[in-house]
Amino acid sequence: MMEDAEKPGMAGRHCAHSGDGAGECASPGGDSVSGSEGLRQELEAQRRLFTTVIENFPEVLYITDPDTYEVLLVSKGWRDALGKDPVGGKCYKEFQGLDEPCPFCTNDILFKNDGKPYTWQYHNKKLDRHYHIMDQLIKWHDGRIVRYEVAADITDIKRVEDALRESESRYRLLVKNIPQKVFMKGRDLRYISVNENYAADFGMTPKDFIGKTDYDFYPNELADKYRADDRRIIEGRLTEEIDESYIKGGEERSAHTVKTHVVDDAGNVTGVLGLFWDVTDKKKAEESLARSNRELEIRNRITNAFLTFSDEDVFFETLKIVLEAMSSKYGVFGYIADNGDLIIPTMSREVWKQCRIPDKTIVFPRDKWGGLWGRALVENTILWSNESSRVPEGHIPITRNFSAPISYQGRVIGLLQVANKESDYDEDDLALMQTMTGIIAPILSARVERDRQEAARRKAEEELRELNSELEMRVSQRTAELQRSNADLQQFAYVASHDLQEPLRMIGSYLQLIERRYGSKLEKDAREFMGYAVDGAKRLQGMINDLLLYSRVESKGRSLEPTNSEASLQRAIDNLQYQIESEKAEISCDALPEVMADGLQLTQLFQNLLGNAIKYRGEEKPRIQVTASRDGDQWVFRVKDNGIGIEPQYHERIFEIFQRLHSRGKYEGSGIGLALCRRIVQRHGGTIRVESALGQGSTFIFTLPAGDKTE
């Protein structure tokens, strides 16, 4: 069945519509009420209330006849939007500028839905506005079924998200058939009518208010105010918006009220109409927002103070902010030092100037903490007193004081104390101080920790400078010693090898002479011993020559210059031509680059590596490949062979002087060749290493600076 939206006071009665348009009302029991003047007045008051509410409603709201499309009643908001009063015209003509009913008309939908509310959105092209609409069928005062339409203009909502939420909220209120609390009083200030929402706040029905006054529902103080407001509006024919209190469920709440005088057809003021809605939550939200904005401002100011002011001024500037926020005249702000003392870098300068204590100080050892602030620090609790404090002689008078420890991660790191507020400190001050100490705590902790680290850094830097100075001195001394030692070693190696040449040549010559002259006369053992002696002298002479060559890498080396490494390789191959041919070795190479090198030493390097590859051949004939690749400002050379290979544990040992992995009977040599290679490469600023495994050949890898280094 259709849900009738009857006016207050009409519940339980049915109206039969007569042919002349007048509504004749009868009670369910059949008793005639047409002669009841009281009921007629009540019905008339109900009608005026309903009509006045609709006509003064600031949003879009209108009532039309779904059969004739006649506009019956229009709100102020819709009149203003249209720029005219459309009552009496056709809705499609007045609202849409059409000559026939709108194709999107919702009349059929409403009847099919048994009169249930229907919501939809529409763009009015005539007004170029967007509306969110709720349509519903209600019973008109003359008994007709009419269409009640309320619309929220959502044009701005579609453009601005914030406006969308506000308009949607307003629309939801409108969907509930004017959820504001509505009342009407007569000139005697007795209630004539209230709507359901008004009555619901008291757990009553609208009929419970008829004929009663504000004193029946509100405390005398509120009732006096309401009556004074109502009289002023009636007598002055006024319309006013008022923020005031009202009672809901025994609780005093805040409301925004719109009151206006009501006039009859003759223009006489008959009473007052009121419309109000609860703004308690809004006021709380506004107060909360104001607090949040204030806290944000304080946070920004405090943070800015710590970031921009010097160590000398930061405590004073922060204290000024706190004193202003707490409306206090005096204050101190300090931190806890590493030794547990309370340090007060600043207090309000007026306090310091007025204080006449002879031994006033800014350092307060732990055992000297006292008074309210001392308890607050020890107990890690905010404490305050609104009574005068006992102070030492010469101290400024303290009428009220508030002490707050600054704690971070459970540890007290500082103190804020303010005093002499003109009014008492209270819970609001407590909340504000908790907020400020919460803001200050991590910043102060970071500042103190920064100072501690800065002091530690300065100490460490000083110790490091001293250590560096000592190390530099030791390095300088050691470098000088090494230079002297290297010079001595080079000189010794050169002298020793040079001076030993002549005796060795003499020994070898005379042994060979004895062998030639008396060899046939010597016994077999003697000839064998003589051979050993000659061979030993030759090997010793070879080792001395190699040692002399090794010592001259640094002292006799030429300056590094752009050198064709391929030409150096070819010279090494030429020097080894006999071994290459006798062992049938195959040597291949890519195009090799220009490098910064000593050409003779580079040839020696290639010659030693190629010679080793031929010497330590495997069962197959030697195959040697030389390649080079660019790596930044250096070239990486690889000399790869298919020889007997080297076990990994010997990869480093082979580059040490006079180190051999095989007996002289199997492989000749002094064991200095690879050591000489490393010394040459190191002199050129490079490195050398080997990649090898036993039986799998070897690849010697060394680096040399490029001849065309990039800047």
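Here are a few things to note about the model shown:
- Among the numbered conditions (1) assigned to a loop (DSSP other than H, G, I, E, B); (2) modelled with pLDDT of 90 or more, the only one that PRO28 does not meet is (2).
- Residue in segment 222-234 that is farther than 20 Å from PRO58 by Cα, among the β-branched types (Val, Ile, Thr) and open to solvent by less than 40 Å² (accessible area, probe 1.4 Å) present: yes
- Lone unmet requirement of (1) open to solvent by less than 70 Å² (accessible area, probe 1.4 Å); (2) under 30 Å from LEU238 (Cβ atoms); (3) in a helix (DSSP H, G or I); (4) not hydrophobic (A, V, I, L, M, F, W, C) for GLY271: (3)
- Test: residue in segment 605-626 that is assigned to a strand (DSSP E or B), at negative phi and of a type outside the set (A, V, I, L, M): yes
- Any pair with Cβ under 6 angstrom, 6 or more apart, that starts in segment 259-283 at a residue that is modelled with pLDDT of 85 or more and ends at one that is among the acidic types (Asp, Glu) and buried (at least 18 other Cβ atoms within 10 Å of the Cβ): VAL272/ASP230
- The number of residues in segment 202-221 being within 15 Å of ASP188 (Cβ to Cβ) and open to solvent by 40 Å² or more (accessible area, probe 1.4 Å) comes to 4.
- Residues that are among the small types (Gly, Ala, Ser) and modelled with pLDDT of 90 or more within segment 420-437 comprise just one, SER423.
- Residue in segment 382-401 that is under 33 Å from the mean Cα position of the chain (by Cα) and under 17 Å from ILE343 (Cβ atoms) present: no
- Among all positions in segment 475-485, there is at least one residue which is at pLDDT 80 or above, more than 30 Å from the chain's Cα centre (by Cα) and of a type in the set (A, V, I, L, M, F, W, C).
- Residues of segment 307-319 that are surrounded by fewer than 17 Cβ atoms within 10 Å (Cβ to Cβ) and within 21 Å of PRO405 (Cβ to Cβ): PHE316 alone.
- Screening GLN417, GLN453, GLN434 for residues that are surrounded by fewer than 20 Cβ atoms within 10 Å (Cβ to Cβ) and either assigned to a strand (DSSP E or B) or free of Cβ contacts under 8 Å to residues at least 24 places away in the same chain (or both) leaves exactly one candidate, GLN453.
- For segment 627-650, residues that are surrounded by fewer than 12 Cβ atoms within 10 Å (Cβ to Cβ), part of a strand (DSSP E or B) and without any contact (Cβ under 8 Å) to a residue 60 or more places away in the chain total 1.
- Restricting attention to segment 698-711 and to residues that are at pLDDT below 90 and not acidic (Asp, Glu), the residue that is least open to solvent (accessible area, probe 1.4 Å) turns out to be ALA706.
- Residues satisfying the stated conditions in segment 377-414, i.e. polar (S, T, N, Q) and open to solvent by 70 Å² or more (accessible area, probe 1.4 Å): SER388, GLN409
- Some residue of segment 71-86 being assigned to a helix (DSSP H, G or I), of a type in the set (Gly, Ala, Ser) and either under 22 Å from HIS141 (Cα atoms) or open to solvent by less than 70 Å² (accessible area, probe 1.4 Å) (or both): yes
- Scope segment 572-600; condition more than 16 Å from GLY611 (Cα to Cα) and of a type outside the set (A, V, I, L, M, F, W, C); matching residues: ASP590, PRO593, GLU594, ASP598, GLY599
- Flag for VAL194 being modelled with pLDDT under 90, closer than 20 Å to GLU55 by Cα, aliphatic (A, V, I, L, M) and under 53 Å from the mean Cα position of the chain (by Cα): no
- Subset of segment 486-526 [β-branched (Val, Ile, Thr) and modelled with pLDDT under 70]: VAL495
- In segment 243-256, the residues that are more than 45 Å from the chain's Cα centre (by Cα) and either at pLDDT 85 or above or part of a strand (DSSP E or B) (or both): TYR246, ILE247
- Verdict on GLN96 being at pLDDT below 85 and surrounded by 14 or more Cβ atoms within 10 Å (Cβ to Cβ): no
- Residue match in segment 277-288 (condition: among the hydrophobic types (A, V, I, L, M, F, W, C) and assigned to a helix (DSSP H, G or I)): yes
- The number of residues in segment 652-686 being part of a loop (DSSP other than H, G, I, E, B) and at pLDDT below 80 comes to 17.
Quick grid of which residues meet (1) under 26 Å from PRO206 (Cα atoms); (2) at pLDDT below 80; (3) surrounded by 13 or more Cβ atoms within 10 Å (Cβ to Cβ):
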position	(1), (2), (3)
ARG13	yes, yes, yes
THR52	yes, no, yes
ASP65	no, no, yes
GLY89	no, no, yes
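- Among residues of segment 518-547 that are within 22 Å of ARG505 (Cβ to Cβ), those with a Cβ under 6 angstrom from a residue that is open to solvent by 70 Å² or more (accessible area, probe 1.4 Å) and modelled with pLDDT under 70, sequence gap 6+ or separate chain, pair up as ILE544/LEU500.
- Every residue from segment 107-120 that is part of a loop (DSSP other than H, G, I, E, B), out of contact with any helix residue (DSSP H, G or I) (no Cβ under 9 Å at 6 or more places or on another chain) and either at pLDDT 90 or above or open to solvent by 50 Å² or more (accessible area, probe 1.4 Å) (or both): ASN113, ASP114
- The residues on offer are ARG447, ARG484, and the sole one that is assigned to a helix (DSSP H, G or I) and open to solvent by 80 Å² or more (accessible area, probe 1.4 Å) is ARG484.
The values are calculated or read from the model by the stated rules, or taken from the named source; none is laboratory data. Please read these numbers as outputs of a predicted model, since none were measured by experiment. Every residue, glycine as well, gets a Cβ built from its backbone with ideal geometry; the counts of neighbours run over all protein chains shown. Heads up: the accessible areas ignore ligands, DNA and RNA and are worked out on the full protein's heavy atoms, side chains in. Shrake-Rupley method; radii C 1.70, N 1.55, O 1.52, S 1.80 Å.
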